[in-house]
Amino acid sequence: MSLRALDTLKASDYIYFDTYTSYIPGFGSEELSKLVGKAVTPLSREDVEDKGGRELIERALKSKVSFATLGDPFIATTHVYIRNIAMGRGIPTLYVPGVSIHSAAFSLVGLQIYKSGPTATIVEPSEIYRPRAAFEKVVGNLKRGLHTLLLLDIDVVKGRFMSFSRGAQVLAEGLIGYGVSPERLLGVGLSFVGSEGQSAVASTLLGLGGIHATAFPQSLIVPGRLDAVEAEALMFLGVNQEQLAAHARLVEELGR
């Protein structure tokens with residue numbers, strides 16, 4: 001949290017905390033309350049999306065109200081929705097940026113964010129729900145030589161978090177249908193990014209399926225075309241020259 005964010009929260013009459021879009025072990029509304037020295041009200045997805053943040057908006061008409069979230073608030077459309085409601089009712093708003101996984105993941109790994117394409121989310125498939133959007137985005141990005149950040153399915157309320165190993169398995173199975181070999185494609189698994197215990201490991205997509213990290217939340221990056229510096233960075237995370245060469249050939253083949 002930046003000093004500006006901390007000062008903004010301390011100057012607020014009411015503080016609300018998003019409990020559903022992301023998760024950090026050991027940090028929630030109670031810990032935030034102790035940090036700022038004020039009461040913090042947790043908000044569920046139902047409070048914000050189904051009820052339109054009614055309580056927050058009504059209080060903001062007469063008082064200084066903060067809506068705190070993990071990461072960068074306006075990366076998620078839910079928070080833009082709440083800001084639009086506030087602005088539509090004549091309530092002035094202030095945006096205090098945070099650190100998003102969209103930038104932190106690439107910085108931790110050593111890949112260039114300006115070479116990244118659209119982000120995708122991998123969800124746990126079921127008998128009746130097997131979305132292909134993530135596979136299509138990865139293939140589309142690879143054809144253009146771009147990296148792909150993959151967010152992984154979470155349910156904070158139920159305490160269910162997809163691991164990067166499971167995400168790699170789902171992705172590997174899906175990409176086979178597009179002619180992409182998971183034995184040749186590289187992937188980077190990240191866990192607990194932004195904490196002292198953050199970690200990253202690189203392998204083939206098939207290899208990542210057998211690597212199990214215990215800290216959550218986790219995410220996954222599929223690299224595109226790599227320059228020399230990026231390739232070296234991935235070698236420090238566990239890949240070898242042979243794997244880099246196979247990945248490079250695969251990306252070139254897809255781009256033709």
key: Residue among VAL157, PRO97, ILE57 farthest towards the positive dipole end of the chain, charges placed on Cβ   = ILE57
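For region 59-199, what does the alpha-carbon gyration tensor say about shape, rounded, prolate or oblate, given a ≥ b ≥ c as the root eigenvalues, a/c under 1.5 as rounded, and a/b over b/c as prolate? Numbers along the way, then the final one.
Working: a/c = 2.09, a/b = 1.87, b/c = 1.11.
Cα axes put region 59-199 in the prolate bin.
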task = Starting from the Cα of SER181, step 7 Å along the direction of its Cβ; do the same at LYS143; then give the gap between the two resulting points in nm.
result = 2.1
remark   = Rounded to one decimal in nm, the spacing of the 7 Å Cα→Cβ label points at ARG130 and THR214 is 3.4
Net dipole in debye of region 101-255 [+1 Lys, Arg Cβ; -1 Asp, Glu Cβ; about Cα centre; nearest 20] = 300
request  = Take the Cβ-Cβ distance between GLU173 and GLU196 as r, set R0 to 25 Å, and report the resulting FRET efficiency rounded to the nearest 0.05.
outcome  = 0.15
ask   = Are any of the pairs LYS38/LYS64; LYS10/LYS62; LYS34/LYS158; LYS34/LYS64; LYS10/LYS64 more than 22 Å apart by Cα-Cα distance, and if so, which?
value = LYS34/LYS158
key: Inter-centroid distance (Cα atoms) of region 126-196 relative to region 56-95, Å   = 31
ask   = Sorted by mean Cβ packing within 10 Å, highest first, what order do the peptides 220-229, 53-62 take?
value = 220-229, 53-62
ask   = Of GLN169, HIS247, PRO125, whose Cα points farthest to the positive end of the dipole of region 101-255 (charges on the beta-carbon: +1 Lys, Arg; -1 Asp, Glu; origin at the Cα centre)?
value = PRO125
task = For LYS143, go through the lysines and keep the ones whose alpha-carbon is under 21 Å away, minus same-chain ones fewer than eight residues off.
result = LYS115
ask   = Cross-link partners among aspartates and glutamates for LYS51, C-alpha distance below 20 Å, same-chain residues fewer than 8 apart left out?
value = ASP18, ASP155
query = Treating the beta-carbon of each Lys and Arg as +1 and of each Asp and Glu as -1, no other charges, what is the dipole magnitude of region 3-88 about its Cα centre, to the nearest 20 debye?
reply = 320
request  = Compute the length gained on full extension between ASP13 and TYR81: take 0.36 nm times their separation in residues and subtract their Cα-Cα distance, giving the result in nm to one decimal.
outcome  = 22.3 nm
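All of the numbers you see were taken from the coordinates with simple rules; none came from a lab. None of the values given here were measured: they were computed from a predicted structure. In this analysis, Cβ positions are derived from the backbone assuming ideal geometry, glycine residues included, and neighbour counts consider all displayed protein chains.
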